[in-house]
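Novice: Before I ask anything, here is the structure I am working with.
The values are calculated or read from the model by the stated rules, or taken from the named source; none is laboratory data. None of these values were measured; they are calculated from a predicted model. Here the Cβ positions follow ideal geometry from the backbone for every residue, glycine too, while neighbour counts run over all protein chains shown. Surface areas here come from the heavy atoms of the whole protein model, side chains and all, with no ligands, DNA or RNA. Shrake-Rupley method; radii C 1.70, N 1.55, O 1.52, S 1.80 Å.
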Amino acid sequence: MDINKVKKQWQELSTAVEDIDYAVSGYDYSVCLERDKVRDFAAMMLDEGFYLVDLMAVHVTPAIEVVYQFAHFETRCRVMARAFVDDQVEISTISDIYQGANWHERETRDFHGVVFVGHPYLEPLILAEEDVDLKPLLKEEAKLQDVDAVRRQPPEPAPEPKAKPEPKPEAKPEAVKSQEQS
Amino acid sequence: MEIFYSILPELIRIVVCAVCGAVIVFGNALVMGYAERKLAGHIMLRPGPMEVGPHGIYQLVVDGLKLMGKQLVVPAKADPLLFRFAPLLAFAPVFVPLLVIPFSSKLQGFDLDIGLLVILALASINLLAVLIGGWSSNNKYSLFGAFRAVSQNVAYEIPMLLSLLSIIFMTNTFSLKAVVAAQSPVWFIVIQPLAFLIYLVSIVAETNRAPFDLPEAESELTAGFHTEYSGMSFSLFVLGEYANMFIVSSVATVFFLGGSSGIPLPYFEYSGIIWFMLKVYTLMFFLVWIRWTYPRTRFDQLMNFCWKYLIPFALVNLLITVVMVKLL
Amino acid sequence: MSMDIEVLEDSRHHRYVLNMGPQHPSTHGVLRVLLELEGEYAMELLPVLGYGHRCHEKIAEFKPAKSFMPNTARMDYLGALIYNQGFAQLLEKAAGIEVPERVEYIRVMASELNRIQSHLLWYGAYLLDLGAFTPIMYAFDDREHILDILEDVTGSRLTYCYFRVGGVSKDIDDKFVTSTRAFIDRLRSRFPMYEDLVNGNVILQKRLIDVGELTPHICARYGITGPMLRGTGVAYDLRRAEPYSIYSEFDFEIPTETKGDCMASFLVRFREMEQSLRIIEQALDRLPEGPIMAAKVPKKLKIPAGDYNSSVEAPRGELSYYLVSDGSDVPYRLKVRTPSYSNLSVVPEMCQGMLLSDVVSAMGSLDLVIPEIDR
Amino acid sequence: MIVYKYIAEVLFYALVILTFAGGIMAVRSKLLMHAVLGLAATLFGVAGLYFHLGSPFLAMMQILIYVGAVCIIIVLGVMLGNTPDQLAAKHLTGRNLPLALLACSTGFIALFVATIARTEFTVATEKVGDMSIEFVGESLLLQYCMAFELVSVLLLTAILGAIILARGGREEKSS
Amino acid sequence: MKSYFSELFTGAWSLILGLKVTIKALFSPIVTYQYPREKLVVTPNYRGHIDLVKDAETGAHKCITCGSCMRECPSDCIFLDGEKREGVKGKALTIFTLNFTKCSLCGACVEVCPTDALDYSNEYELAGFTREEFHYDLLKRVEERE
Amino acid sequence: MMISGNLNTYLIISAVLLVIGLYGMMQHRSLIGMLISSEFILNGAALNFMAFNSFVAPNPAVGQIFVLFIMGIAAAEAAIVVSIIIAVYRKYRNEDPEELQDMKM
């Protein structure tokens, strides 16, 4: 796998590609996607030999964020791809590309109510059939955070208007410690 | 009154035979049930039953009482008539073959010239019982178990009969006593080792025991054909299974291991039973031993083994036997 | 359209549904698999999950991240220490805590012992699925020794909560060293016995070879990791691929097989036990002195905002914790990616058209731990 | 030893009752499985009658072949060819039909009894052999080996035919 | 044909090897313990439920009723309370209960305790018919202990 | 008078078996049921043979061989018929003989 080539493809498909400090965050790249590019992205990742580690949703404002985690069997390359669902809480499925996503998507539907359009069998997996609309992992109003609040904060605040994560790998441990001791 | 005295010996004989049969069936189940648990325990480096009586020797009695005290549950959608009838059908026929087994040269219920046929005919009834029991439970696992039991038993009957047939060709009789008598210089296991091996493998399958216990494969079919059975109707199946083990081991003893012959003991005519039982229980120990050693085979492999290995070898063995008998 | 339905019904006429589980001897817990059988061939499989769901991810959002440690042990009760390791590592990474070297060695040894005991239990239980009753007792005999060692150190036998953020709860002593060395010798001397009794057995080989074959491509599509993946010939082990803790310092092999069938993953797991023994041995040789707790671990562990991932090699495959923090000490979202979940999801494809007995052996080769799937 | 004769007589009645009861169960039962069980009962009864007729060999063969093979094949047929809702034995409908059938058959038996009552069978004065299986075996393989060969050919044909019929469906289905 | 026989013989040999292992085991000493009759020595490091430590000198518990354990407990299974008493610095412990049905044995309470007043008990034979049997009153237990 | 030692008794028993078989043949509307009934007829015939064999015939082996022959036929017949039934069932999903219109498989 040629990482530069792959990165170029990411840049074509995504709105932002970030290099992340593995030592702190435990993954290498963060890719932000438009929701209609998710399937193209997944197909491309499969071609490059990535496997789907995980698929999950994070409930933030303005919309629920779906996070796809990919990794590669041969080289260390752990990628977090993020996309926001639309107003109908819908996003297209990738379960026909990565069959392993099938159950993850059903689980996400159970817990967050994210509807994966085109999923072959979007029935409750973990929850009981009658609890379809329980959506237990959605946050209460009081706890719900804006997407910027859960992004890595730069040392000096430089917020941007759009929900564009600017994760800075410079989030140094020293800074963290001083923050804690305060 | 005269008539009564004239038939008294025969009546006594019948009564004694029946009592002995019952004693053997139940006693064997007790002994084997206990021995199997103990052996399994020690093979697994644990002591086995230890609580009831010294070294748990009353465990089986207690289990029997427990099983008798249990409610006979008939599943709601089962066929009640057949469901109750099947265990009886499995258990009842095991008494008859015991009558023709020569425990020693004098201790034999009846010496029929069709002795082997009696054993085989009544053994085949057991199969019908398993099939009916599995079907009438109205449980998919039971049904699978019954199907497996039938295909397996029918298939393994062939090599079993062929291996016995090679002995029959040498002795020219179905009478078990005559077969034992024919082994006076040398046991047939020496002359027919292949037939003995084939017979040994076949009886493992015939008695539905591991590694061929597919009809009751508990990791696949929970408990196979007796999934729905409980209490006494379950224990009748178990009694039948142990009695069948005893019968097939006895047949192996009679046909291959010289029956009751052995080093002469005082009162030889009757004490031959000691040698006989020793041989039978050695074989049963072997059955237990392999049960607790091997994993279970898969169904198609079981059938393949029968058709690709056992039957050709049994046929070749039979052919060689026939040729040798004709030549010598 | 009606034609199609008719054809479908026609082809399915001989099929019927067998409900394997939730209480079935070979589903190892409360897993239910709906099988659509044709004769004894399973044409369709549908695993039904959720019988043992305990909302760990929701619980995590309600209490300080540090307090989630005991919950990790309950997800996979067989690889509890490795789950501890992953979570401790996640928080240490996030909070930037430097872990003393001795702690890393202790963690590695404990984790590897845990891995061996998990594999031993799988070994016995798998043989039980295949109908051999005795090996499980031998495996448990060996496993008890590990449990004794770990009990002496961690204080419990199954759901360990031994690792702490920044260290371990209790130091190891000479008794641990001697008993572990004795155990290593013992298990090594037992391997030939297992080879004779089980691995070489013709019945077992016939049951496992060519059953449930996987390819690396299938593994990528389903996200299968761990011994099943290594059985297909991909030497992907997170202890090597993304060396966490101090695994990069040890000399060990990643056992692989090429065929990808049940026998391959069976042998891979078996050989992994030997490799784990090697790691423990090296760790024992080099065990440094030092503190067992990081110097500065704040009482209230605030995690800087951002998202963190920590992946470790659990006995069944890749375990990933993904934590989203909003800057407080309570996780905003914690997602646990458990290996069995992805591994089980391949069952419908892997077992299609198999005999019922093969379904049992294929599912057993997944080494399922149901609480880990349901979480 | 007249007592034995009485015991035998009582056993004979029991066997006849078993035979007929099995027959009635086989034709009148609501479930095919019960019908097979009835058949098995009849087969046991007939085996007992063979015993009475002096041929325990045939009795055992009857059990071995009929109960051990034919009954099991039929039970398998019942299980394989029927979904549970079809397991009930279908009977001819029409209210008076069974009665009519019964009347006919009673008439037939009456006719038959009348016929055999008037027939004088010539009993062979001397027998050339005994009922032992040695004699049967020798006759079967020497004097009447045609029957033996025919049975073997028949069985072979049956096995092949059964295999072809049963497999044919499978191939058709898989294609 | 050659593989047919070689398969047969290697297979048979592997089966014999298996039999050898089990027959050896049959005559080996057993490794299990007959549990209620024989008891295993439990390691002193075993972590059962928590107990208040009895101070060897004073013969009383060492709890200063700071409540750290109660706050630290992730499952809220500890409840303690104290009252102000004459002659005692701080608060005196009046109630200390452990709801063991909820405890996950994490050990956070023992580690957080500033006076080492808590320790693990070595009890492992725990069984009961009701949940209430596992609501331990640790204060009473420490007083009853020798 | 021992009726068990009388030829006519056996002949009547076999006649009753024959009638039961015929009655069953007409009564049952399923192929398996008809197969079961046919076994009664075969058994009746076999019993007849055996009865004549033991009371009338000079050579006691003949009847036994005939009965063995009938048993062989019965076994073969059962195997064939059951496989035909299964084939028919596969084809028609039904085994009511009334509904089997054409014999082409």
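Novice: If I ask for residues that are farther than 14 Å from residue C:283 by Cβ and not in a loop (DSSP other than H, G, I, E, B), which ones from region C:86-109 would you list?
Specialist: Within region C:86-109, C:86, C:87, C:88, C:89, C:90, C:91, C:92, C:93, C:94, C:95 meet the criteria.
Novice: If you don't mind, there's one more thing I want to ask. Just the residues that are in a helix (DSSP H, G or I) and buried (at least 18 other Cβ atoms within 10 Å of the Cβ), please, taken from region B:172-181.
Specialist: Within region B:172-181, B:176, B:177, B:179, B:180 qualify.
Novice: Got a sec? Which of F:15, F:45, F:51, F:75 is open to solvent by 10 Å² or more (accessible area, probe 1.4 Å), at the interface with chain D (Cβ under 7 Å from one of its Cβ atoms) and either in a helix (DSSP H, G or I) or in contact with a Gly (Cβ under 8 Å, 6 or more places away or on another chain) (or both)?
Specialist: When all the criteria are applied, what remains is F:75.
Novice: Specify the residue that is most open to solvent (accessible area, probe 1.4 Å); the eligible residues are those in region A:127-150 that are farther than 23 Å from residue C:53 by Cβ and of a type in the set (D, E, K, R).
Specialist: A:141
Novice: Got a sec? Which helices (runs of 4 or more DSSP H) wholly within region C:199-248 have at least 3 residues that are within 14 Å of chain E (Cβ to nearest Cβ) and over 21 Å from residue A:46 (Cα atoms)?
Specialist: Answer list for region C:199-248: C:202-208.
Novice: Here's a follow-up. Could you list, in sequence order, all residues of region D:36-61 that are more than 12 Å from residue F:43 (Cα to Cα) and of a type in the set (Ser, Thr, Tyr)?
Specialist: Residue satisfying the conditions is D:55 alone.
Novice: Right, something else. I'd like the full set of residues that are in contact with a Gly (Cβ under 6 Å, 6 or more places away or on another chain) and facing chain A (nearest Cβ under 7 Å), limited to region C:309-324.
Specialist: The answer is C:309, C:310.
Novice: Taking strands (runs of 3 or more DSSP E) that fall entirely within region A:56-126, which contain at least 3 residues that are open to solvent by less than 10 Å² (accessible area, probe 1.4 Å) and at the interface with another protein chain (Cβ under 9 Å from one of its Cβ atoms)?
Specialist: In region A:56-126, the matching strands (runs of 3 or more DSSP E) lie at A:65-72.
Novice: I would also like to ask the following. Can you name the residue in region C:177-194 that is more than 23 Å from the chain's Cα centre (by Cα) and over 24 Å from residue C:102 (Cα atoms) and, of all such residues, is surrounded by the most Cβ atoms within 10 Å (Cβ to Cβ)?
Specialist: Among residues in region C:177-194 that are more than 23 Å from the chain's Cα centre (by Cα) and over 24 Å from residue C:102 (Cα atoms), the one surrounded by the most Cβ atoms within 10 Å (Cβ to Cβ) is C:193.
Novice: To continue, here is another question. Within region D:143-158, take every residue that is among the hydrophobic types (A, V, I, L, M, F, W, C) and more than 7 Å from chain F (Cβ to nearest Cβ) and give me the one that is most open to solvent (accessible area, probe 1.4 Å).
Specialist: Residue satisfying both the conditions and the ranking: D:146.
Novice: Please determine, by comparing only the residues of region F:26-42 that are at pLDDT below 80 and part of a helix (DSSP H, G or I), which one is most open to solvent (accessible area, probe 1.4 Å).
Specialist: F:26
Novice: Can you tell me which residue among B:272, B:259 is in a helix (DSSP H, G or I) and open to solvent by less than 50 Å² (accessible area, probe 1.4 Å)?
Specialist: It is B:272.
Novice: Name the single residue, out of those in region B:189-217 being open to solvent by 10 Å² or more (accessible area, probe 1.4 Å) and aromatic (Phe, Trp, Tyr), that is nearest to the other protein chains (Cβ to nearest Cβ).
Specialist: B:212
Novice: Out of the residues in region D:14-27 meeting the condition of being at the interface with another protein chain (Cβ under 8 Å from one of its Cβ atoms) and not hydrophobic (A, V, I, L, M, F, W, C), tell me which one is farthest from residue F:25 (Cα to Cα).
Specialist: Per the stated criteria, the residue is D:19.
Novice: Right, next: List the helices (runs of 4 or more DSSP H) that sit entirely inside region B:34-138 and contain at least 3 residues that are over 30 Å from residue E:24 (Cβ atoms), within 14 Å of chain D (Cβ to nearest Cβ) and within 19 Å of the chain's Cα centre (by Cα).
Specialist: B:80-91, B:95-100, B:115-136
Novice: State which residue is nearest to the other protein chains (Cβ to nearest Cβ) when the search covers only region C:130-172 and only residues that are farther than 28 Å from residue C:302 by Cβ and open to solvent by 40 Å² or more (accessible area, probe 1.4 Å).
Specialist: C:137
Novice: Same structure, new question: Just for strands (runs of 3 or more DSSP E) wholly inside region E:45-101: which have at least 1 residues that are open to solvent by 40 Å² or more (accessible area, probe 1.4 Å)?
Specialist: Correct list: E:78-84, E:91-99.
Novice: Next question. Going by the structure shown, is residue C:85 facing another protein chain (nearest Cβ under 9 Å), farther than 13 Å from residue C:374 by Cα and modelled with pLDDT of 85 or more?
Specialist: When the stated conditions are applied, residue C:85 does not pass them.
Novice: Residue B:176 - would you say it is within 18 Å of the chain's Cα centre (by Cα) and farther than 30 Å from residue B:85 by Cβ?
Specialist: Yes; evaluated as a whole, the condition is true for this residue.
The rows are residues; the columns are (1) aliphatic (A, V, I, L, M); (2) touching a residue at least 24 places away in the same chain (Cβ under 8 Å); (3) under 26 Å from residue C:235 (Cα atoms).
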site	(1), (2), (3)
A:85	yes, yes, no
A:90	no, yes, no
A:100	no, yes, yes
A:107	no, no, no
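Novice: Taking the stated definitions as given, is residue E:58 outside the structural domain of residue E:118 (by TED's automatic domain parsing) and either touching a His at 6+ places or on another chain (Cβ under 7 Å) or among the polar types (S, T, N, Q) (or both)?
Specialist: Criteria not met by residue E:58.
Novice: What are the residues in region B:96-143 that are among the charged types (D, E, K, R) and touching a residue at least 60 places away in the same chain (Cβ under 8 Å), if any?
Specialist: Correct list: B:106, B:111, B:113.
Novice: Working carefully through the options B:150, B:186, B:154, find the one that is surrounded by fewer than 23 Cβ atoms within 10 Å (Cβ to Cβ), at pLDDT below 85 and outside any helix (DSSP H, G or I).
Specialist: Among B:150, B:186, B:154, only B:186 is surrounded by fewer than 23 Cβ atoms within 10 Å (Cβ to Cβ), at pLDDT below 85 and outside any helix (DSSP H, G or I).
Novice: With the checklist (1) of a type in the set (A, V, I, L, M); (2) open to solvent by 10 Å² or more (accessible area, probe 1.4 Å); (3) away from chain E (no Cβ under 14 Å) in hand, flag the one item residue C:42 doesn't pass.
Specialist: Result: residue C:42 fails condition (2) only.
Novice: Further, regarding this structure: Looking at C:281, C:318, C:272, which one is under 28 Å from residue C:188 (Cα atoms) and part of a strand (DSSP E or B)?
Specialist: Going through C:281, C:318, C:272 in turn, just one is under 28 Å from residue C:188 (Cα atoms) and part of a strand (DSSP E or B): C:318.
Novice: In region E:39-65, what residues are within 15 Å of residue E:113 (Cβ to Cβ) and more than 13 Å from every other protein chain (Cβ to nearest Cβ)?
Specialist: Passing the criteria: E:51, E:52, E:53, E:54, E:55, E:61, E:62, E:63, E:64, E:65.
Novice: Name the residues in region D:42-56 that are in contact (Cβ under 8 Å) with a residue 24 or more places away in the chain, open to solvent by less than 30 Å² (accessible area, probe 1.4 Å) and part of a helix (DSSP H, G or I), would you?
Specialist: Across region D:42-56, the qualifying residues are D:42, D:43, D:45, D:46, D:48, D:49.
Novice: Out of (1) open to solvent by 10 Å² or more (accessible area, probe 1.4 Å); (2) over 12 Å from the mean Cα position of the chain (by Cα); (3) of a type in the set (Phe, Trp, Tyr), the odd one out for residue A:51 is which?
Specialist: Of everything listed in (1) open to solvent by 10 Å² or more (accessible area, probe 1.4 Å); (2) over 12 Å from the mean Cα position of the chain (by Cα); (3) of a type in the set (Phe, Trp, Tyr), residue A:51 misses just condition (1).
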